[in-house]
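**Q** Take a look at this one; I'll ask things after.
The values are calculated or read from the model by the stated rules, or taken from the named source; none is laboratory data. Everything quoted here is computed from the prediction, not taken from an experiment. Cβ atoms come from the backbone with ideal geometry, glycine included; neighbour counts cover every protein chain shown. These accessible areas exclude ligands, DNA and RNA; they are computed on the full protein's heavy atoms, side chains included. Shrake-Rupley method; radii C 1.70, N 1.55, O 1.52, S 1.80 Å.
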Amino acid sequence: MTERMMSVVWSLVVLVAAGAAVGGVVWWFTPPEDNLPKRVPGRDRPAGSQVIKQYVPIVGELTRGEGVPSSSKFSWNQFRGPQRDAIARDEVKLARTWPEGGPRIVWQIDVGEGYAGAAVHDGRVYLHDYDRPNGRDAIRCLSLDDGREIWRFSYAVKVKRNHGMSRTIPAIAGGHLVTIGPKCHVTCLDATTGEQKWLLDLVHEFGTSVPQWYAGQCALIDEGHAIIAPAGSDVLMLAKDCATGEEKWRTPNPRGWNMTHVSIMPMTLGGRKQYVYCGHRGVAGVDAETGVILWDTDEWKIGIATVPSPIAVGEDRIFLCGGYNAGSMMLKIEKNGDTFTPRVLWRLDAKQFGAAQQTPILFNGNIYGVRPDGQLTCLDLNGNIHWTSGPKHRFGIGPFTLHESGLLYVLDDGAKLTLVDL
């Protein structure tokens, strides 16, 4: 057997093995003749022609389960809760001590890899999951009582393992559910039935670049509109009617900012309601009624990944923080007539305070967060450190949430939950 034929046979073995792995493809082999012409790419197409990959619209599928909604009226209906500030204000009396082994597990289920969190509303638990065996984004509605699935809305999309897949939280308001998938698909469903209202592909519609490690922007519903930041070729932000899918306004993208992992935060600054968003090259405030950019600045930008969302501090300040040695900053938005001007009040380096992933919490005049060395830290509004948890109590990237009684729940990278009295 010639060296050339040996090469072809080994190639065949690899192809057959690969084919068997994906469904039993059968290959038939005939040894090549030496006088066959060399294959030149494009020879089988007319001169000057191009291969154009046709866009295939996403098609969703709704399946129903046996779950039944709980009678509970507790609501944690979006990223960071009802007021988007990570503070729970319910009347449930919380235990200040736990039994050995921790709080009792009521129910648990298996989910796909990622950092996605749950939203809870009207006795239902909503989760944007990824069904890896079937290659589908899966928006799941579960019973708060027992975790059984009430319904699932899914669509086919290829997502590879890249530090997990799903990492966003749905928003539920006014009977609507809006969520953003890893590859920037925005879905609006009936929150009760799971029936589709509209589905938007930001990459196809607006030229959005899928962020490194996939989309982390959590949807916002405000006054019946989904507020989304495609940060595409010519659209920074848009407002889309949840019921009809019609656009109320769209904001231009004059600086050419790309999408980050940051979520849009509604704020009232200088008496004007605004949506504040951090693109990869700066931060901007957009008028909530018209979509006009009221101010922007490149004083705050992170080279690798912008993750924590901005925090409103009163009616004229914004706290910003990040990882990758970005540290943190307090920005003041000064108003003169109809003009808004951003000005830096102070900065802290990463060793003093920053945040790789989790957005800090503003509570009773202090800012609480987990800084890059894993220590839980308390800052005042002038950037002074009141206390840290110390080197013996580190929490990694530490997701956390707070009850208004002053009890904070923080999770470390090893899945240990800690209760902290602020």
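**Q** Be a star and scan segment 296-315 for residues whose amide nitrogen sits under 11 Å from the point 7 Å along the Cα-to-Cβ vector of Thr268.
**A** 315
**Q** Compute, for segment 222-359, the length of the dipole vector about the Cα centre, with Cβ point charges of +1 (Lys, Arg) and -1 (Asp, Glu) only. Units Debye, rounded to 20. Write out the running numbers ahead of the final one.
**A** Details: 14 positive and 16 negative charges, 100 e Å.
With only Lys, Arg, Asp and Glu charged at Cβ, the dipole is about 480 debye.
**Q** Sticking with this structure for a sec: Please report, as a whole percent, how much of the solvent-accessible surface of the chain comes from carbon and sulfur atoms (probe radius 1.4 Å). Please report the intermediate quantities before stating the final value.
**A** Numbers: 11250 of 21940 Å².
Taking all protein chains in place, the chain shows 51 percent carbon and sulfur surface.
**Q** Additional query: Which value, in Å to one decimal place, does the Kirkwood hydrodynamic radius take for segment 308-390 when every pair of different Cα atoms is included? Kindly include the intermediate steps, with their values, before the conclusion.
**A** Values: mean 1/r = 0.0775 Å⁻¹.
Value: 12.9 Å, from the Cα pair sum.
**Q** May I pose another question? Report, by chain and number, residues whose modeled amide H sits under 5 Å from the one on Gly117, excluding near sequence neighbours (fewer than 5 apart, same chain).
**A** For Gly117, the qualifying residues are Thr168, Ile169.
**Q** Quick one: in the chain, what % of C-alpha pairs are over 38 Å apart? Mind dumping the intermediate values first?
**A** On the way: 26810 of 88831 pairs.
Counting pairs separated by more than 38 Å, the tail of P(r) holds 30 percent.
**Q** With just the Cα atoms defining each centre, how far is segment 400-420 from segment 290-321? Give it in Å.
**A** After rounding, the separation between the Cα centres reads 26 Å.
**Q** At most 16 other Cβ atoms within 10 Å plus a DSSP loop assignment makes a site exposed; report the longest stretch of the chain without any exposed GluC sites (Glu not before Pro).
**A** 316-403
**Q** Separate question: Can you list the residues, at least 5 places off or on another chain, whose amide H is less than 5 Å from the amide H of Thr193, using H built in the peptide plane?
**A** none
**Q** Taking H placed 1.01 Å from N in the peptide plane, check which residues at least 5 places from His261 or on another chain put their amide H under 5 Å from its amide H.
**A** Amide H to amide H, under 5 Å and 5 or more residues apart or across chains, His261 pairs with Thr306.
**Q** Counting only helical runs of four or more DSSP H residues, what would the 222 nm mean residue ellipticity of the chain come to if each run contributes -39,500 (n - 2.57) and the total is spread over all its residues? Write out the running numbers ahead of the final one.
**A** Working: 2 runs with 24 residues, N = 422.
So the calculated ellipticity at 222 nm is -2000 deg cm²/dmol.
**Q** Right, another one. Got a sec to turn the phi values of segment 177-184 into Karplus ³J(HN,Hα) couplings, 6.51 cos²θ - 1.76 cosθ + 1.60 with θ = phi - 60°, whole Hz, x for Gly and Pro?
**A** Couplings: 10, 10, 8, 10, x, x, 9, 6 Hz.
**Q** Once label points are set 7 Å from the Cα along Cα→Cβ at both Leu94 and Asp287, what is their separation, rounded to one decimal in nm?
**A** Here the answer is 4.0 nm between the modelled labels.
**Q** Cross-link candidates for Lys332: which aspartates and glutamates have Cα within less than 16 Å, leaving aside residues fewer than 8 places away along the same chain?
**A** Partners within reach: Asp296, Asp298, Glu299, Glu315, Asp316, Asp380.
**Q** Report, in debye and to the nearest 20, how large the dipole of the chain comes out about its Cα centre when Lys and Arg carry +1 and Asp and Glu carry -1 on their Cβ. Intermediate values should be presented prior to the final figure.
**A** Numbers: 44 positive and 45 negative charges, 172 e Å.
About 820 debye.
**Q** Compare the peptides 80-88, 124-132, 405-413 by average per-residue count of other Cβ atoms within 10 angstrom and give them in order, highest first. Walk me through the intermediate numbers first.
**A** Working: 80-88: 18.2, 124-132: 22.4, 405-413: 15.9.
Final packing ranking: 124-132, 80-88, 405-413.
**Q** Could you check the spin-label model distance between Lys392 and Lys158? Points 7 Å from the Cα along Cα→Cβ, value in nm.
**A** Placing both labels 7 Å along Cα→Cβ, they lie 5.2 nm apart.
**Q** Excluding same-chain residues fewer than 8 positions from Lys240, which lysines have a Cα within less than 16 Å of its Cα?
**A** Lys197, Lys248
**Q** What whole-number value in Å² describes the accessible area per residue of the chain for a 1.4 Å probe? Present the calculation step by step, with values, prior to reporting the outcome.
**A** On the way: 21940 Å² over 422 residues.
Per residue, the chain has 52 Å² of solvent-accessible surface.
**Q** Between segment 95-122 and segment 357-389, what's the alpha-carbon centroid distance in Å?
**A** 25
**Q** Could I ask something else about it? Ordered by residue, what ³J(HN,Hα) values in Hz, to whole numbers, does segment 258-270 give under the Karplus form 6.51 cos²θ - 1.76 cosθ + 1.60, where θ = phi - 60° and Gly and Pro are x?
**A** 9, 5, 10, 8, 6, 9, 5, 10, x, 8, 10, 10, x
**Q** Another question, if that's okay. Rounded to two decimal places and with Rh computed the Kirkwood way over Cα pairs, what is Rg over Rh for segment 343-422? Kindly include the intermediate steps, with their values, before the conclusion.
**A** Details: Rg = 12.1 Å, Rh = 12.8 Å.
Looking at segment 343-422, the ratio lands at 0.95.
**Q** I would also like to ask the following. Give the residue from Val344, Gly282, Ile302 lying farthest towards the positive end of the charge dipole for segment 277-351; charges sit on Cβ (+1 for Lys and Arg, -1 for Asp and Glu) and the dipole is referred to the Cα centre.
**A** Among Val344, Gly282, Ile302, the one farthest towards the positive end of the dipole of segment 277-351 is Ile302.
**Q** Still on this structure, I have one more. So what are the ³J(HN,Hα) numbers for segment 369-379, from phi and the Karplus equation (6.51, -1.76, 1.60; θ = phi - 60°), rounded to whole Hz, Gly and Pro as x?
**A** x, 9, 7, x, 7, x, 8, 5, 9, 10, 10
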